[in-house]
Amino acid sequence: MLARLLLAAGLAVPLAGVADDVAPPDSLPALGAADDRASVVGVSSGGYMATQLAVAWPERFHGLGVLAAGPWGCAQGKLSLALNQCMMTRRGEPSLTALETRRADYQSRGQVGKDADLGRLRAFVWHGGQDGVIDPVLGDLLGEQLADWLGGDESLRAVRDEEAGHGWPVAAGSADEASRLASCSNEGGDAGLLACGEDVAKTMMDWLYPARASRSEPSAGELREFDQSDFDARGLADTGYVYVPDACTDGGCGTTLALHGCRMGAEVLDDAFARKSGLNAWAAAHDEVVLYPQAESTLANPRGCWDWWGFAESSWQLYPLHDTRDGTQAGALLKMLDRLQKAPDADRR
């Protein structure tokens with residue numbers, strides 16, 4: 001069991017090989033995206049990171065979507081808790097009261113956002129009933145936590161798919177798409193794209209934006225690579241992806257920041273998550289830019305997870321601040337959002 005937990009957390013596999021030197025892609029473009037229509041969504045470690053971002057900067061986001069992850073702050077900067085209380089519950093369930101005390105302490109020092117900003121978010125939580133990596137009870141606890149913050153259930157939708165395992169459900173189309181998917185129950189353990197016949201991206205985004213009108217005909221769009229070195233942080237890959245509908249090149253579109261899970265980044269699945277999640281189809285119909293940052297394997301994080309337990313922070317820190325505005329990866333992700341929301345340069349191609 002311990003070996004399985006270590007594997008799932010990203011602590012017991014060798015690093016991927018070093019890629020050949022190639023010219024870096026273009027920089028992430030400034031698109032003049034709307035600053036009042038940004039959401040952050042993620043699965044597994046990306047789900048934990050999505051909640052960290054929403055709590056740290058709730059004033060920057062309209063919505064939060066979390067798949068296959070537990071409550072905010074769960075690991076409290078400790079790997080032992082990440083393994084034994086935030087994936088499995090061998091040390092008991094995390095205390096929401098203790099986590100709220102942690103958030104209040106951060107808030108007193110200006111390291112997370114205000115209650116009023118947090119309370120106006122819309123949120124969507126999904127968990128598979130067969131999840132053998134993140135115990136489904138942890139998804140229930142996240143739902144309870146969010147319900148307290150949001151002031152009730154009218155802004156929160158929580159979904160449990162009893163047949164699904166650990167990952168992100170999609171509605172497969174072509175045979176090629178189906179070949180890249182894990183089974184719906186996903187007994188292999190890694191977070192992946194799950195062949196559940198369910199377009200969870202559409203369900204989630206429709207909930208987060210219930211009043212958003214759709215186009216009669218979806219806009220054409222392009223999935224682009226971009227150079228992540230402008231946003232250097234420990235554990236980030238060299239290259240990320242951004243999906244830009246043609247309708248969004250002149251500004252004014254919303255933005256979805258979408259975070260993959262462990263072993264779902266480009267070094268393992270290429271661009272499968274960025275192409276097959278279902279988010280791009282929704283974005284093309286609703287004038288939305290989708291940003292797909294990429295984490296990578298490191299010695300401290302060999303399965304390419306997002307930092308939800310503190311590995312990306314300085315080793316001398318007794319209490320890592322990964323789940324605050326001072327978090328290394330969190331800061332880099334917010335700078336990416338800043339770039340997309342910046343007005344386009346006059347000479348932009």
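Read the figures in this text as sums done on the coordinates, not as results from a lab. This one's a predicted model, so the numbers in the text were calculated from it and none came from an experiment. A quick note on method: Cβ atoms are made from the backbone with ideal geometry, for glycine too, and the neighbour counts reach across all protein chains shown.
Taking a ≥ b ≥ c as the square roots of the eigenvalues of the Cα gyration tensor, segment 256-320 is oblate, since a/c reaches 1.5 or more and a/b is not larger than b/c. Here, segment 90-155 has an Rg and a Dmax of 13.5, 39 Å when only alpha carbons are counted.
Straight-line cross-link partners of Lys202 among the lysines, defined as a Cα under 20 Å from its Cα and at least 8 positions apart when in the same chain: Lys276.
Remark on Trp126: its backbone amide H falls under 5 Å from those of Val66, Leu67, Ala68, Val159, a criterion applied only to residues 5 or more positions apart or on other chains, H modelled at 1.01 Å from N. For a quick check, take a GNM of the chain with Cα springs below 10 Å and name the residue from Ala330, Ala258, Ala211 with the largest mean-square fluctuation. Fluctuation is largest for Ala211. Taking amide hydrogens as placed 1.01 Å from N in the peptide plane, the amide H of Ala75 sits under 5 Å from that of no residue at least 5 positions away in sequence or on another chain.
Under 5 Å between amide hydrogens, built in the peptide plane, is the criterion, and for Trp168 it picks out Gly192, Leu193, Leu194 among residues at least 5 positions away or on other chains.
Nearest-5 percent of antiparallel DSSP beta bridges in the chain? Rounded to the nearest five, the antiparallel share is 25 percent. Placing a pseudo-label 7 Å from each Cα along the Cα-to-Cβ vector at Arg109 and Lys342 gives an inter-label distance of 3.0 nm.
Using every pair of distinct Cα positions in segment 207-349, the Kirkwood expression returns a hydrodynamic radius of 16.3 angstrom. Residue exposure proxy: His322, His62, His166, ordered by other Cβ atoms within 10 angstrom of their Cβ from fewest to most, comes out as His62, His322, His166.
Working note: Karplus 6.51/-1.76/1.60 with θ = phi - 60° gives segment 44-52 the couplings 6, 4, x, x, 4, 5, 4, 5, 4 Hz, where Gly and Pro are set to x. Remark: the Val137-Arg215 segment gains 24.2 nm on full extension, using 0.36 nm per residue and subtracting the alpha carbon distance. Sorting 74-82, 108-116 by average packing, meaning the other beta carbons within 10 Å per residue, from highest down gives 74-82, 108-116.
Packing order of peptides 249-255, 274-280, highest average first: 274-280, 249-255 (average count of other Cβ atoms within 10 Å over each peptide's residues). Along segment 214-229 the Karplus relation, 6.51 cos²θ - 1.76 cosθ + 1.60 evaluated at θ = phi - 60°, assigns HN-Hα couplings of 9, 6, 5, 10, x, 5, 5, x, 9, 8, 10, 7, 9, 7, 7, 5 Hz to successive residues, with x for each Gly and Pro.
Counted by neighbouring Cβ atoms within 10 Å, the residues Tyr319, Tyr292, Tyr241 run from fewest to most as Tyr319, Tyr241, Tyr292. Within the same chain, lysines fewer than 8 places from Lys114 are excluded, and of the rest, those with a Cα less than 23 Å from its Cα are Lys335.
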